[in-house]
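**Q** The structure is given below, and queries will be raised subsequently.
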Amino acid sequence: MSSKFRVIVSLLFLILCFDLSTGYAEERLKLPEAQRMYGFAAFVSAYQYALEDKIDEALEKLEVAIKWDPYLVEYYLLKAFCMYNLGRFDEAVTNLNFYLEVRNKDFFAKSFLEDVREKKVYVKNAITKGVPVDQVLLGNSFALWEELGVSPLDRFIPYMPGRPVCSGENLFFTDQIRGKLYIYQKDDDREKWEKKEVFDVGKGILKAIPLGAQELALLFDTGLLKLTRWNKDKGKLEETHEVDLDLSSPSDGVSIGGGIIGVAERIEGRVSFIRAATGENIYSWSPPDVKNFKPVSLAVHGPILAVGDASSMRVYLFDLVDRKIIREFSFEAPPRAVELFNSSEGAVLTEDGSLYIISAIKDQAELLAKKIFPEAWFLFNMEGKVYATDTRLFKGSSLKLIAKKGYLVMRAPSKEGSFWKVEARVVIPFGKVELENVILQGVIEGQLAEVEVLEKTATPESVVRIEAPLSLEDKELQLVASRASVLAIKGSALPKDTASLIRLGNFALAKGIKIFILPDNAIPEVEKVRLAEITGGGLLMDEESNMLKGGVMKLKISSASTPNVPGSRDDSGLLVLGRIGPTTVEGRIPFWSSFIQF
């Protein structure tokens with residue numbers, strides 16, 4: 001400890017000696033001065049370790065502090081903060097309650113307790129029941145090509161298009177009559193889509209089904225399946241082999257992972273799950289007690305498959321892991337297209353031009369727009385939004401999920417002149433973070449503070465890939481937190497039991513770590529997918545996906561607050577709240593300004 005810091009500690013110790021605001025302080029003054037001094041110094045050290053995310057060291061020093069000074073009530077507030085950072089929300093709540101029994105006027109501690117309780121309930125319900133969505137925003141109609149930023153020279157007018165598909169960095173269009181496959185990618189600035197390749201693949205092409213970063217399965221209306229590899233460097237589409245699926249009436253197909261595709265057969269009245277490499281039919285499904293089942297559209301997200309049935313005018317949400325229906329929805333007209341935003345929410349377009357929102361959490365579909373799309377339209381998911389387009393790809397509209405509440409995870413505060421600098425990670429459930437229209441306000445130690453964004457970036461600080469089973473031991477989680485702001489993990493490496501997933505969800509929200517699930521041989525269980533979604537992550541086709549982004553800001557906080565130490569006033573924290581676009585955000589850390597390193 002530097003001599004300068006020893007002087008500061010000695011002066012602050014004198015301040016503490018005059019804290020007679022509560023009954024415990026009188027007893028505290030009976031302690032030997034040296035004993036209080038040792039406890040106080042250990043507490044300061046613990047606080048600085050906590051701000052550096054060194055939670056083990058912080059807890060060790062806290063135990064030293066309480067041993068020397070058993071009346072140090074701030075021990076409970078700082079321990080609550082440490083438990084919160086480990087994802088141990090129950091222990092955080094217990095320690096906050098202990099603290100508030102003495103410091104019952106501490107606004108920061110009260111808001112911290114409310115925040116932890118709210119997150120605890122949210123994570124548990126989201127993982128076990130589904131991630132709730134506050135609002136679905138339907139955008140204005142637009143010219144599709146212009147909205148995508150495609151130049152006139154890169155556009156085409158299809159005679160009979162297949163369903164568009166967006167996977168990672170690639171956007172695929174097909175034309176059944178011309179027998180062509182069109183591949184688009186983002187330009188170097190990642191603002192506009194440009195035509196990358198055009199391939200002659202054969203007439204009757206229904207859909208291009210991505211199986212991996214460069215692998216495509218081409219499904220034809222004859223039941224033929226061509227497996228291909230797209231060599232981006234050479235600009236070639238190399239056919240590896242083809243399989244006759246012996247299907248007379250395929251209407252749609254999707255990849256469900258592990259080299260397996262699901263194919264809707266409208267005449268046979270079933271959805272077949274087929275191993276793409278061999279054509280082996282693993283199993284087939286149709287809803288029980290439904291006659292004339294006519295599946296016309298499929299969509300998949302993780303373990304959830306949406307199936308549109310034109311005959312019964314229903315849409316089914318089917319769990320691929322448990323092989324059971326989890327929801328079914330009835331409509332006034334046959335469904336034309338279905339698409340999923342995530343594991344909980346989806347969109348349905350019916351033949352009469354009505355647009356609906358469906359949710360695994362709700363029993364009934366919600367009408368979003370009635371009969372405003374007179375033509376048959378396609379739905380496809382692109383970069384977190386669902387796009388609707390007509391059969392000639394002329395017009396379009398987009399649907400976007402809105403989360404009303406997000407989170408700021410603040411860390412590494414430092415003093416620079418007359419203001420503070422703080423790093424903040426942004427977490428918005430199920431949504432790609434767009435750091436636009438940021439308005440923030442701060443409160444330091446009970447005093448209003450101006451907050452200015454010095455720097456913002458969507459680039460992650462670090463991405464860590466994990467394939468082996470993830471340990472939930474405190475030390476292992478802290479090691480992950482010290483290395484990663486984005487965690488790319490295989491579904492098989494995540495814990496299987498619900499309690500462990502909830503603990504990991506608590507930890508990820510507390511630390512601002514986004515979780516993405518990488519492709520694996522097995523389909524991930526729905527609770528694992530929900531875990532990723534509440535952190536602002538989700539499913540990835542490959543590690544190069546533009547979804548692999550953080551949301552990091554550096555904040556400048558100005559305040560006229562005077563130096564603060566434990567017990568000197570009724571508010572002991574830094575709170576920052578505001579809006580990022582349509583989403584409110586807030587974050588907090590214990591803040592004793594006299595202990596922040598210059």
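Values quoted throughout were computed directly from the atomic coordinates according to the rules given, and no laboratory measurement underlies them. Because the structure is predicted, anything quoted here is derived from the model rather than measured. So basically every Cβ, Gly included, is an ideal-geometry build from the backbone, and we count neighbours across all protein chains shown.
**Q** Loop only by DSSP, 16 or fewer other Cβ within 10 Å of the Cβ. Give me the trypsin sites (Lys or Arg not before Pro) in region 69-127 that pass, ordered by residue number.
**A** Passing both the DSSP loop test and the Cβ count: Lys105.
**Q** Take Gln447 and Asp390, extend 7 Å from each Cα along the Cα→Cβ direction, and tell me the distance between the two endpoints in nm.
**A** Using points 7 Å along Cα→Cβ, the separation is 6.2 nm.
**Q** Could you tell me the extents of the chain's C-alpha atoms along the three principal axes, largest first, rounded to whole Å?
**A** Over the chain, Cα extents along the principal axes are 89, 50, 44 Å.
**Q** Under the definition of Cα pairs under 8 Å and six or more residues apart, what whole-number percent is the relative contact order of region 249-404?
**A** With pairs under 8 Å counted, the relative contact order is 12 percent.
**Q** What FRET efficiency comes out for Lys370 versus Tyr38 if R0 is 60 angstrom and r is the Cβ-Cβ distance? Round to the nearest 0.05.
**A** Rounded to the nearest 0.05, the efficiency is 0.25.
**Q** While we're here: At Glu146 and Ile466, where each label point lies 7 Å from the Cα along Cα→Cβ, what is the point-to-point distance in nanometres?
**A** Taking the simple label geometry, Glu146 and Ile466 are separated by 4.7 nm.
**Q** On the principal axes of its Cα set, how long, how wide and how thick is region 130-252? Give whole Å, largest value first.
**A** 43, 39, 29
**Q** Still on this structure, I have one more. Count charges around Lys362 for me, please; just the other residues with Cβ under 10 Å from its Cβ, Lys/Arg as +1, Asp/Glu as -1.
**A** Once all neighbours under 10 Å are counted, the net charge is -2.
**Q** Going by average Cβ neighbours within 10 Å, how do the peptides 491-501, 515-525 rank, with the highest at the top?
**A** 515-525, 491-501
**Q** For region 130-254, calculate the relative contact order in percent as a whole number, restricting contacts to Cα pairs under 8 Å that are 6 or more residues apart.
**A** Dividing the mean separation by the residue count of region 130-254 yields 16 percent.
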